[in-house]
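S.K.: The structure that follows is given in the form of structure tokens.
The values are calculated or read from the model by the stated rules, or taken from the named source; none is laboratory data. All values derive from a computational prediction rather than experimental measurement. Because the Cβ atoms are built from the backbone with ideal geometry, glycine has one as well, and the counts that use them run over all protein chains shown.
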Ligand SMILES: NC(=O)c1ccc[n+]([C@@H]2O[C@H](COP(=O)([O-])OP(=O)(O)OC[C@H]3O[C@@H](n4cnc5c(N)ncnc54)[C@H](O)[C@@H]3O)[C@@H](O)[C@H]2O)c1
């Protein structure tokens, strides 16, 4: 661990490039292995980052096992189809490796709990990759709420509206297979809004209900959702999402409080407050502009590394990922199709 924490990236698909770059650029981290059952995907990144590709052989039955056998690997970053997350977390933990796993931590509650327990037993750190808290605009929004500029938060409104290209589904068929993905736009996308809302408001979501509509082509998961949720601090949330809306992507969180309102957009945060703020008059909008985020994952990895080296809890512990999975599960429960609850059945 002298030259930093050595990482193996498990899963070199769509998000693999960003993950590899974020690890490679993160202070205190080294990218030492690339792992994918599709060796070509791993090789593409290997060329870009000059890193070894793991292959089965030399006593290993899979590329992942080969990486786990490498003493230079201190930690893994798992970015595979959702149904593989929990078992891969446990496998890495048993090999003594610290773990970052992309959301969701698992496709059902029972597997998530088991993965967390295995990491605890093995004494390794487990973090679920919710990096939005490292985006400059989220940091600013949180600070404005903490400074009391919107007052007590009463209600939040979030929108995720996008037109996912047909090849988003066809090139990775697991995404529209409910048993493999755990669901559609709620578990894939709205969960990042759940996370950001918790970070900005400082309140925890404790209850959610929802209605969903299925995707027509390919069938399997929901394309649209309307969710109502409650925070432990008393505020309520309304969220709308759809993956087949043409036009410009809408990705917004609005926070309304007793004294003012905040709108968090792709590249800006707008504040209207009854307190005089900066040079503005009460009621006037103040706009904070930001560059498009490309470094939040790096920030997330850097704090993970710091926490491991200091033997402290990681930035987004497994239990946080499990709490968000419970909220997602409540939405699906209410809407009548709950793949997350499949885990409640006997194996
Ligand atoms: N695509 C995005 O924009 C995005 C953004 C944020 C988070 N994520 C999350 O990242 C994860 C991966 O998503 P993706 O879009 O990159 O998926 P993907 O299907 O594009 O990539 C997954 C990769 O995992 C590999 N894989 C499958 N089984 C494997 C195994 N047993 N061992 C090693 N590799 C294996 C596949 O070959 C594939 O290359 C998911 O949890 C997703 O929610 C994706």
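S.K.: Starting from the stretch 5-16, keep only residues that are closer than 12 Å to residue 44 by Cα, then list their pairs with residues that are part of a strand (DSSP E or B) whose Cβ atoms are within a distance under 6 Å, requiring at least 6 positions of separation or different chains.
M.R.: 12/34
S.K.: Would you call residue 176 under 25 Å from residue 332 (Cα atoms) and either within 16 Å of the ligand (Cβ to nearest atom) or touching a strand residue (DSSP E or B) at 6+ places or on another chain (Cβ under 9 Å) (or both)?
M.R.: yes
S.K.: Shifting gears a bit: Scan the stretch 245-264 for residues that are crowded, with 17+ Cβ neighbours inside 10 Å and without any contact (Cβ under 8 Å) to a residue 24 or more places away in the chain and jot them down.
M.R.: Within the stretch 245-264, 263 is the sole residue that qualifies.
S.K.: Answer yes or no as to whether residue 145 is more than 16 Å from the ligand (Cβ to nearest atom), surrounded by fewer than 20 Cβ atoms within 10 Å (Cβ to Cβ) and in a helix (DSSP H, G or I).
M.R.: In short, no.
S.K.: Additional query: Just name the residue that is farthest from residue 186 (Cα to Cα) out of those in the stretch 219-229 that are within 21 Å of the chain's Cα centre (by Cα) and surrounded by 17 or more Cβ atoms within 10 Å (Cβ to Cβ).
M.R.: 229
S.K.: Quick check, is residue 93 away from the ligand (no atom under 14 Å from the Cβ) and either free of Cβ contacts under 8 Å to residues at least 24 places away in the same chain or assigned to a strand (DSSP E or B) (or both)?
M.R.: Criteria not met by residue 93.
S.K.: Can you find a residue that is in a helix (DSSP H, G or I), crowded, with 18+ Cβ neighbours inside 10 Å and at pLDDT below 95 anywhere in the stretch 324-340?
M.R.: Yes: one or more hits.
S.K.: Here are some conditions: (1) touching a residue at least 60 places away in the same chain (Cβ under 8 Å); (2) out of contact with any strand residue (DSSP E or B) (no Cβ under 6 Å at 6 or more places or on another chain); (3) surrounded by fewer than 15 Cβ atoms within 10 Å (Cβ to Cβ). Residue 211 meets all but one. Which one does it not meet?
M.R.: For residue 211, the failing item is (2).
S.K.: Return a yes/no flag: does the stretch 41-48 have any residue that is closer than 21 Å to residue 119 by Cα, touching a strand residue (DSSP E or B) at 6+ places or on another chain (Cβ under 7 Å) and within 13 Å of the ligand (Cβ to nearest atom).
M.R.: Scanning the stretch 41-48 turns up no residue that is closer than 21 Å to residue 119 by Cα, touching a strand residue (DSSP E or B) at 6+ places or on another chain (Cβ under 7 Å) and within 13 Å of the ligand (Cβ to nearest atom).
S.K.: Let me ask something else. Go through the stretch 285-314 and count every residue that is touching a strand residue (DSSP E or B) at 6+ places or on another chain (Cβ under 7 Å) and more than 15 Å from residue 192 (Cα to Cα).
M.R.: Total satisfying the criteria: 11.
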